[in-house]
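Below is one structure, written out as structure tokens, with a few remarks after it.
The values are calculated or read from the model by the stated rules, or taken from the named source; none is laboratory data. Just so you know, these numbers come straight off a predicted model, no measurement behind them. Cβ atoms come from the backbone with ideal geometry, glycine included; neighbour counts cover every protein chain shown. The accessibility values were calculated without ligands, DNA or RNA, using every heavy atom of the protein model including side chains. Shrake-Rupley method; radii C 1.70, N 1.55, O 1.52, S 1.80 Å.
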Amino acid sequence: MKTRIYTEQDLEIKAVQDDIKKTLQHGGNVIFPTETVYGIGAYAFSEKGIKGIYKVKGRPSDNPLIMHVNHVDDVLNYTIDHKPYVDELIKRFWPGPMTIVLKKKSIVPTYITGGLDTVGIRIPNHLIARKVIDIVGVPICAPSANISGRPSATLFEHVIEDFKDKVDIIIDGGKTNAGLESTVIDATHEYPIILRPGMITKEMIKDIHKDVKESSLLDQSDIPKAPGMKYRHYAPKGDLVIIEGSLEKVLAYINQKIDENRSLGLKSGVICTMEIKDSFKDALVISLGNMSNEEEIASNLFSTLRTMDKENVDIIYSIAFDKGKYKDAMMNRLLKAANNQIIHL
Ligand code: TXA
Ligand code: MG
């Protein structure tokens, strides 16, 4: 298969719109940027298109897909049993980086929900994503556009790395804004439960419902997590370890490890902030941004993990990004990428 590549400008051309529409209607896959990460899309009512996503990503079939729509009316058409707080969440955070899990109507096929009777739904806030949904006129299912287990793609180059000539169409939208996937909220209970932390934070949701819970803190016996959260994720090829503690200790520890690794012939990498990036020698050091600029830091995490791969780094040390408003989202992704390897100094 030869992938057709389009830009945002191309989406104004009728022939391109027709190509996108026909491709999706006939069960093809189209990758497009959203404000969080790139998504690999299929027509929600094409079993062939949905199966194609699972196959090309290598995604386990019990991991449900998020349905992307443009209007609140669509949400009401496909879901039932809204608690009053759902309307508030919608008003406050859509379009935006939030997915709401609701009881589905029977017209929503179970092949997109991994057999569940709920569906994750989201109204994205990105011109290209919205345009694609408009062109097709039906919900588009789109998981993050990465081979299963790899860091989500936030740059066009990374989409190409994973999917060139494996999908029909890729739309180049440059770098995505947020860089971490949407907050997933289970809204089927009396209170919202955060299944996956993101940039719509617990504190923001608390304004709407004071009893908001995090699934990681619940007794897991009766409340399911997002099925996707049980799989290893975001994993770079190098071994990633998070180092947490006072700055002085963290710097000393990482520098000592870099020395040890060098004598063993191993290449080290460091993920840190701008303020301390000159504190390391003989390693590939990547700053995610200024400590005070959390947006910048979040937007650079996944691309940095991929750069570490490209540079064949054997062991990666990351400082803990456990302060500020995105701490839950950042630490969730980092811990998964590190297979929970964290050293407390
Ligand atoms: O920002 C995003 O959410 C991106 C962009 C492309 O929209 N999409 C994305 O999709 O991250 P994906 O498939 O990589 O992650 C969706 C997560 C998974 O952990 C999945 O298990 C969970 O949402 N999820 C989806 N539907 C669910 C449902 N009905 N019940 C529980 N969890 C659900
Ligand atoms: Mg994903």
Among strands (runs of 3 or more DSSP E) entirely inside the stretch 138-196, those with 1 or more residues being within 11 Å of ligand 1 (Cβ to nearest atom) and more than 25 Å from Asp19 (Cα to Cα) are 183-186, 193-196
In the set Ile208, Ile200, Ile133, the lone residue that is more than 10 Å from ligand 1 (Cβ to nearest atom), under 24 Å from Asp87 (Cα atoms), in contact with a His (Cβ under 8 Å, 6 or more places away or on another chain) and not in a strand (DSSP E or B) is Ile133
Of those in the stretch 1-25 that are in contact with a helix residue (DSSP H, G or I) (Cβ under 8 Å, 6 or more places away or on another chain) and not charged (D, E, K, R), the residue surrounded by the fewest Cβ atoms within 10 Å (Cβ to Cβ) is Gln25
Taking the stretch 57-72 and keeping only residues that are more than 9 Å from ligand 1 (Cβ to nearest atom) and open to solvent by 30 Å² or more (accessible area, probe 1.4 Å), one is left with Gly58, Pro60, Ser61, His71, Val72
When (1) open to solvent by 20 Å² or more (accessible area, probe 1.4 Å); (2) within 16 Å of ligand 2 (Cβ to nearest atom) are applied to Glu181, the one that fails is (1)
Checked Ser148, Ser144 against criteria (open to solvent by 10 Å² or more (accessible area, probe 1.4 Å), within 15 Å of ligand 2 (Cβ to nearest atom) and in contact with a strand residue (DSSP E or B) (Cβ under 9 Å, 6 or more places away or on another chain)); the one match is Ser144
Considering residues that are modelled with pLDDT of 95 or more and either assigned to a loop (DSSP other than H, G, I, E, B) or within 16 Å of ligand 1 (Cβ to nearest atom) (or both), the number found within the stretch 216-270 is 6
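Listed here are the residues, each with its yes/no results for (1) in contact (Cβ under 8 Å) with a residue 60 or more places away in the chain; (2) under 22 Å from Met330 (Cα atoms); (3) open to solvent by 70 Å² or more (accessible area, probe 1.4 Å).
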| residue | (1), (2), (3) |
| --- | --- |
| Tyr234 | yes, yes, no |
| Val241 | yes, yes, no |
| Val250 | yes, yes, no |
| Ser263 | no, no, yes |
| Leu284 | no, yes, no |
When you look at Asp87, is it within 9 Å of ligand 1 (Cβ to nearest atom) and either surrounded by fewer than 24 Cβ atoms within 10 Å (Cβ to Cβ) or assigned by TED's automatic domain parsing to the domain that holds Leu301 (or both), yes or no?
no
Per the filter on the stretch 292-319, residues more than 22 Å from the chain's Cα centre (by Cα) and part of a loop (DSSP other than H, G, I, E, B) are Ser292, Glu311, Asn312, Val313, Asp314
Among the residues in the stretch 33-53, are any touching a Phe, Trp or Tyr at 6+ places or on another chain (Cβ under 6 Å) and open to solvent by 30 Å² or more (accessible area, probe 1.4 Å)?
yes
Over the stretch 262-312, the set of residues in contact with a Cys (Cβ under 8 Å, 6 or more places away or on another chain) and among the aromatic types (Phe, Trp, Tyr) is Phe280
Considering residues that are within 16 Å of ligand 2 (Cβ to nearest atom) and either over 21 Å from Phe302 (Cβ atoms) or not assigned by TED's automatic domain parsing to the domain that holds Asn70 (or both), the number found within the stretch 127-140 is 1
